[in-house]
Amino acid sequence: MEIERKYLVKDIPFDYTSYPCRHIEQGYLSTEPVVRIRRDNEDYILTYKSKGFMVREEYNLPLTKESYEHLKQKTDGRLIRKKRYVIPIKNGLSIELDVFEGELAPLLLAEVEFPDEDTAFNFIAPDWFGEDVTFSSRYHNSTLSSLTP
């Protein structure tokens, strides 16, 4: 189960590049249901996600690099490339700041994952977060992969 909220970000009032960064590349074999492949640094993952917005079922399976490269040729739409910075905040939570590259630049999205729905609903976003787009399918990565530039 994945419980997360997502926000647009325009300006970041600090040097986010000093935080741990992961290089992510991902593509979609299907957007309904969501079936995604992802390279996360040197890890390769196949993911299934159920429908939904803030709360979704998510299943991850490991892939080899060779399987990932084979499946990458079968993805639909654009391959998403982004840098993900992990920024710890209070109550043991972390912000995952996605800095999109290529055609999706200069898009910035901040995601926060929660242990339960109550914590998610009661979350007060930092001042530098912009619009809450949790309930907008427009900012699902699966949608971003299919939009034309």
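Structural remarks
- Phe14 exposes around 70 Å² of accessible area when a 1.4 Å probe is run over every protein chain in place.
- Between Leu93 and Asn122, the contour length at 0.36 nm per residue exceeds the Cα-Cα span by 9.1 nm.
- Sites matching GluC sites (Glu not before Pro) across the range 7-89 that sit in DSSP coil, with at most 16 neighbouring C-beta atoms within 10 Å: Glu42, Glu57
- Computed from backbone phi with θ = phi - 60° and the Karplus coefficients 6.51, -1.76 and 1.60, the 3J(HN,Hα) list for the range 127-137 is 4, 7, 6, x, 4, 7, 10, 3, 9, 10, 5 Hz; x is used for glycine and proline.
- Environment charge of Ser94, counting only residues whose C-beta is closer than 10 Å and scoring Lys/Arg +1, Asp/Glu -1: -3
- Only helices enter this figure: runs of n ≥ 4 DSSP H residues, each worth -39500 (n - 2.57), summed and divided by the residues of the chain, yield -3000 deg cm²/dmol at 222 nm to the nearest 500.
- Entry for the chain at q = 0.20 Å⁻¹: log10 I(q)/I(0) = -1.45, Debye formula applied to identical alpha-carbon scatterers, no solvent contribution.
- Carbon and sulfur %, accessible surface of the range 72-149 computed with the full protein complex present, 1.4 Å: 48 percent
- In the context of the full set of protein chains, the range 76-149 has a per residue accessible area of 53 Å² (1.4 Å probe).
- Loop-exposed trypsin sites (Lys or Arg not before Pro) per DSSP, neighbour cap 11 Cβ within 10 angstrom, longest uninterrupted part of the chain: 75-149
The values are calculated or read from the model by the stated rules, or taken from the named source; none is laboratory data. Keep in mind that what you see is a predicted model, and the values were worked out from it rather than measured. Because the Cβ atoms are built from the backbone with ideal geometry, glycine has one as well, and the counts that use them run over all protein chains shown. Quick note on the areas: whole protein, heavy atoms, side chains included, nothing else; ligands and nucleic acids left out. Shrake-Rupley method; radii C 1.70, N 1.55, O 1.52, S 1.80 Å.
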